[in-house]
Amino acid sequence: MMYDQTRAQQPAGQNRVPSERRTAGPEPLVPSSERDKVLQRLRHALNTFADTPRDALEEAESAYDEATAQLVTALAARRDLLRAGWAAQDPQSPSDSEELRNALRQYREITQRLLQL
């Protein structure tokens, strides 16, 4: 079996047409609407620091806590989705073996992203 680099770079379960263009960068872990809410709270904390430093710090800490909670939730959901995709696969089957290879690639990518934070 030959290694298909193009297919290995695709998300599991997604069949891409060769003419289809890849988006720039990986998919965000936290939805942009949730990320925007946390960033708005953080900006508010920064803007109010001069008038109410303690309140601003508490708000910044709360925004941090919310961001980390969202990230943990998103990572757990991603792990569950990946596991569901490979847990029932037969490693001896060529088509299942390819799905296992895809899952391994996705684990590698998400782990590398985490280590770069």
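The values are calculated or read from the model by the stated rules, or taken from the named source; none is laboratory data. None of the values given here were measured: they were computed from a predicted structure. Here Cβ is always computed from backbone atoms with ideal geometry, including for glycine, and neighbour counts include all displayed protein chains. Quick note on the areas: whole protein, heavy atoms, side chains included, nothing else; ligands and nucleic acids left out. Shrake-Rupley method; radii C 1.70, N 1.55, O 1.52, S 1.80 Å.
For beta carbons closer than 7 Å, sequence separation of 6+ or different chains, a first residue in the stretch 65-77 that is within 13 Å of Pro31 (Cα to Cα) and a second that is of a type outside the set (Asp, Glu) and not in a helix (DSSP H, G or I), the qualifying pairs are Gln70/Val30; Leu71/Leu29; Leu71/Val30; Ala74/Leu29; Ala74/Val30; Leu75/Leu29.
Within the stretch 22-61, being polar (S, T, N, Q), modelled with pLDDT of 95 or more and not in a helix (DSSP H, G or I) holds for one residue alone: Thr52.
The one condition from (1) surrounded by 11 or more Cβ atoms within 10 Å (Cβ to Cβ); (2) at pLDDT below 80; (3) touching a Pro at 6+ places or on another chain (Cβ under 8 Å) that Asp4 does not meet is (3).
Restricting the stretch 62-106 to residues that are of a type outside the set (Asp, Glu) and assigned to a loop (DSSP other than H, G, I, E, B) leaves a set whose member that is modelled with the highest pLDDT is Ala87. Of Glu34, Glu59, all but one fail to be closer than 26 Å to Ile110 by Cα and among the acidic types (Asp, Glu); the exception is Glu34.
Here Gln112 meets each of (1) open to solvent by 90 Å² or more (accessible area, probe 1.4 Å); (2) at pLDDT 95 or above with one exception, condition (2). Of all residues in the stretch 76-109, exactly one satisfies the criterion of being surrounded by 15 or more Cβ atoms within 10 Å (Cβ to Cβ) and either in contact with a His (Cβ under 9 Å, 6 or more places away or on another chain) or within 23 Å of Val38 (Cα to Cα) (or both), namely Arg78. Of all residues in the stretch 61-75, those being of a type in the set (D, E, K, R) and either open to solvent by less than 50 Å² (accessible area, probe 1.4 Å) or within 12 Å of the chain's Cα centre (by Cα) (or both) number 0.
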